[in-house]
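The values are calculated or read from the model by the stated rules, or taken from the named source; none is laboratory data. Values in this document were obtained by computation on a predicted structure and should not be read as measured data. Cβ: placed from backbone, ideal geometry, glycine included. Neighbour counts: every protein chain shown. Calculation scope for accessible area: heavy atoms of the full protein, side chains included, ligands and nucleic acids excluded. Shrake-Rupley method; radii C 1.70, N 1.55, O 1.52, S 1.80 Å.
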Amino acid sequence: MSYTSYAEVVSQVNQQLSLISEEYINRSGDYSHDYKQLWQNIADYLSHGGKRLRPYIVILSYEAYGGKSTKSILPVATAWELLHAALLMHDDIIDRDNIRHGKKNISGIYEEKYQSKDSAHFALSTALLAGDLLISGAHDIVWQADISDTYQKPLHELLKKALFGVVGGELVDTVSVEKPIMTVDARLVATQKTAEYSFIYPLLTGATLADVSDEEQQLLYSLGESVGLAYQLVDDILGVFGDEGTTGKSVTSDIAERKRTVLLQETFSHSGLVDQKWLEEVYSLDREIGPSDIDKIKHLMITSGAKQKLEHEIEVIMQKAEIIISKLHISGEAKEQFEVLIKKICKRKS
């Protein structure tokens, strides 16, 4: 069987996003110029970045189990990119970031546009609304897809489960800054905030469309859970030690926002009492985190062995994922496609 390549999926999803954006731009023009302008900015946001990883996972899962109507399920796959973009918009609001993919995000664009003492508030409000629109758009595009009505309810349920889980994980991640470093289960947060919507449910979406058994879906769930954790561990490392020109994201915001990442917790666990006390102090809300603090935290992440431990854990997860893939009831060629994907995720630089 011939599988749709990653590059082909990216191209096809980009075309879908362009068509969706054009439709909404035209519809919003009937309401107001500002609304149309917002959709034009959303369209630009959607066009200038993103790996299109989640749509690719949907299509790979679908084709691995014999699905042959890839063109008809493409809108469903694209819905996961719309949900992802929405969550990034909301995540940037929470993290107070104005840059995404190396360019100004929605709040960044509007903070520059609004010229008043409340410009930051208006910009964040606009970004919030933009994210809401894309969550609605994700469901809208599934409803419009040329698929049997029997798939509609389960597909919407997967989108709902993904959103419910990511909000739960995001909430714990957000409020954790008020708690001691080790009181939050960072790996559980990674599963809820990242693994579910990025891997587990896209895999199950493709499997659902291919009428895969419940037993097989359990294997896919385990695969998505493992790979999702590895993805977040890589993200933790890139969020501190990555190249901003490659990642398109700040390498100081995770620390500046006092995020209780797995990397931070491993650093704390493998540090001496003096450094642990200092970390608790610097990560408290009563203290500003300055450039020298960030440099010292990065140094501790390396000298404590935390960064190296995470890199080893990622390798272990890759091996676990390969074992799960070997148990899937799919062709050898399909298994190879999954293994390539796992390596792409775990070895990425952005």
- prompt: Sequence-distant or interchain residues sharing an amide H contact under 5 Å with E257, placed H: which?
  reply: none
Charge dipole magnitude, Cβ of K and R +1, D and E -1 - the stretch 198-350, Cα centre, debye nearest 20: 320 debye
query: Once fully extended, how much extra length lies between E333 and K161, figured as 0.36 nm per residue of separation less the alpha-carbon to alpha-carbon distance?
result: 58.9 nm
Per-residue ³J(HN,Hα) for the stretch 186-197, Karplus 6.51 cos²θ - 1.76 cosθ + 1.60, θ = phi - 60°, Hz, x for Gly and Pro: 5, 6, 5, 4, 4, 5, 6, 7, 10, 4, 5, 7
field: Over 23 Å between alpha carbons, listed pairs K249/K344; K51/K113; K160/K259; K160/K193; K103/K307
entry: K51/K113; K160/K259; K103/K307
query: What is the log10 of I(q)/I(0) for the stretch 1-124, computed with the Debye formula using one identical point scatterer on each Cα and no solvent, at q = 0.17, 0.18 Å⁻¹?
result: -0.90, -0.97
- prompt: What do you get for Rg/Rh of the chain when both radii come from the Cα atoms and Rh is the Kirkwood radius?
  reply: 0.98
Share of carbon and sulfur in the accessible heavy-atom surface of the stretch 219-326 [1.4 Å probe, %]: 52 percent
- line: In this structure, the FRET efficiency calculated for I323 and S72 from their beta-carbon separation, with R0 = 25 Å, to the nearest 0.05, is 0.15
Rg/Rh for the stretch 80-134, where both radii come from Cα atoms and Rh is the Kirkwood radius: 0.97
message: What is the percent carbon and sulfur in the accessible area of the stretch 57-146, measuring with a 1.4 Å probe over the protein chains and ignoring ligands?
response: 56 percent
query: Could you give me the ³J(HN,Hα) list for the stretch 58-66, computed from phi with Karplus coefficients 6.51, -1.76, 1.60 and θ = phi - 60°, whole Hz, x at Gly and Pro?
result: 4, 5, 4, 4, 4, 6, 4, 9, x
task: Using label points projected 7 Å from each Cα along Cα→Cβ, tell me how many nm separate D295 and W143, to one decimal.
output: 5.6 nm
message: Explain nothing, just compute: Karplus ³J(HN,Hα) = 6.51 cos²θ - 1.76 cosθ + 1.60, θ = phi - 60°, for every residue of the stretch 114-122 in order, whole Hz, x for Gly and Pro.
response: 6, 10, 7, 5, 9, 4, 5, 5, 4
Reachable lysines from K68, criterion Cα separation under 22 angstrom, eight or more residues apart if same chain: K153, K335
field: Residues in the stretch 250-273 reached by a label modelled at T183 [backbone nitrogen below 14 Å; 7 Å Cα→Cβ]
entry: 260
- line: Longest the chain segment clear of trypsin sites (Lys or Arg not before Pro) sitting in DSSP loops (not H, G, I, E or B) with at most 12 other Cβ atoms within 10 Å runs 118-286
